[in-house]
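Data block below; observations after.
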Amino acid sequence: MNKTLHKIYVGLFLVVGISVTILLGINGYQYYTTPLEERFFSPDHISLKPSGAWGHGFGIIGTLMMIVGVGVYMIRKRYRKFFNVGYLKHWLEFHIFLCSVGPVLVLYHTAFKFGGIVSISFWSMVLVVLSGVVGRFIYIQIPRTIQGQELSINELNLMKEKLALRIRNVLSEDSSTLSEFEKISSTDRYKTFGLTTAIGFYIRDYFHTKNLMRLFRKRMILIGLNKSERKELIEAAKSEIVIARRIAFLRTSQKLFHWWHIFHLPFAVSMFVVMIIHVIVTIVFGYKWIF
């Protein structure tokens with residue numbers, strides 16, 4: 001999948017997710033904002049209540065989306081014979097899409113009314129979604145191959161060295177810019193990095209990097225590199241800076257991801273267990289959808 005197609009792929013997920021949330025909210029706004037004791041008299045009650053044609057459908061479709069989202073991603077990630085079926089990154093994006101839109105549909109299924117044992121599943125689902133956002137951030141901090149396998153510290157250092165040779169050849173006669181680049185692409189600069197100084201660090205880092213790239217572009221124009229070569233080297237320079245950051249935080253990111261799994265998994269299991277109980281009870285009491 002090339003970059004343009006990948007942007008369309010992710011953009012489509014985003015558009016569908018936002019559209020579903022907004023359209024369902026607009027369609028049922030009057031019903032969902034009606035006090036609970038008055039909803040029975042609403043003309044939309046028959047269709048939008050949890051056991052109604054629409055409300056019940058939201059629950060079924062949302063549940064299936066979450067089951068499929070978790071299932072296909074876990075199979076792709078854990079079973080070796082599926083390692084070459086698409087890139088893990090793309091499957092993760094598909095997982096995030098289904099496990100974001102699914103809970104939205106389940107929320108509309110509840111008609112914003114949840115209590116008893118079902119509330120355990122609902123709030124577990126909320127925590128799973130929120131922790132999933134955090135997990136996604138931690139996940140992208142751990143460098144991986146295009147197939148999704150984690151890279152070792154030695155592999156990262158080798159990548160950094162290869163990129164460094166290309167950059168330093170261009171900056172060999174510009175000692176001041178080279179010195180600045182070596183400073184910003186060094187892992188040592190992260191030794192004093194702390195959570196309390198993180199925001200200020202990233203703001204300064206953004207402007208520092210932007211200024212350095214401007215000087216780098218000037219140097220490449222000066223030595224006569226064409227546009228495509230300049231673009232390629234700019235990407236290489238940015239990659240080296242990112243790799244330096246990830247080398248510095250590799251072990252911390254891996255530990256955070258390990259602890260994130262310990263936090264994320266129990267809530268996911270609780271959500272599905274209570275969800276299954278809810279479905280069984282619903283069937284036993286004779287609540288059917290359109291069948």
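List of remarks:
- Enumeration of residues in the range 85-101 that are open to solvent by less than 40 Å² (accessible area, probe 1.4 Å) and among the β-branched types (Val, Ile, Thr): Val101
- Identity of the residue in the range 177-194, under 20 Å from Met213 (Cβ atoms) and exposed (fewer than 13 other Cβ atoms within 10 Å of the Cβ), that ends up modelled with the highest pLDDT: Ser179
- Sub-6 Å Cβ pairs linking a first residue in the range 38-52 that is without any contact (Cβ under 8 Å) to a residue 40 or more places away in the chain to a second residue that is part of a helix (DSSP H, G or I) and among the basic types (Lys, Arg), at least 6 apart or interchain, are His45/Arg39, ordered by first then second residue.
- Evaluated against (1) open to solvent by 70 Å² or more (accessible area, probe 1.4 Å); (2) part of a helix (DSSP H, G or I); (3) without any contact (Cβ under 8 Å) to a residue 12 or more places away in the chain, Pro266 falls short on exactly one condition, (1).
- Among the residues examined, Ser119 qualifies as assigned to a helix (DSSP H, G or I), among the polar types (S, T, N, Q) and free of Cβ contacts under 8 Å to residues at least 40 places away in the same chain.
The values are calculated or read from the model by the stated rules, or taken from the named source; none is laboratory data. In this text, all values refer to a predicted model and were calculated from it rather than measured experimentally. In this analysis, Cβ positions are derived from the backbone assuming ideal geometry, glycine residues included, and neighbour counts consider all displayed protein chains. Keep in mind that these areas ignore ligands, DNA and RNA; they rest on the heavy atoms of the full protein, side chains included. Shrake-Rupley method; radii C 1.70, N 1.55, O 1.52, S 1.80 Å.
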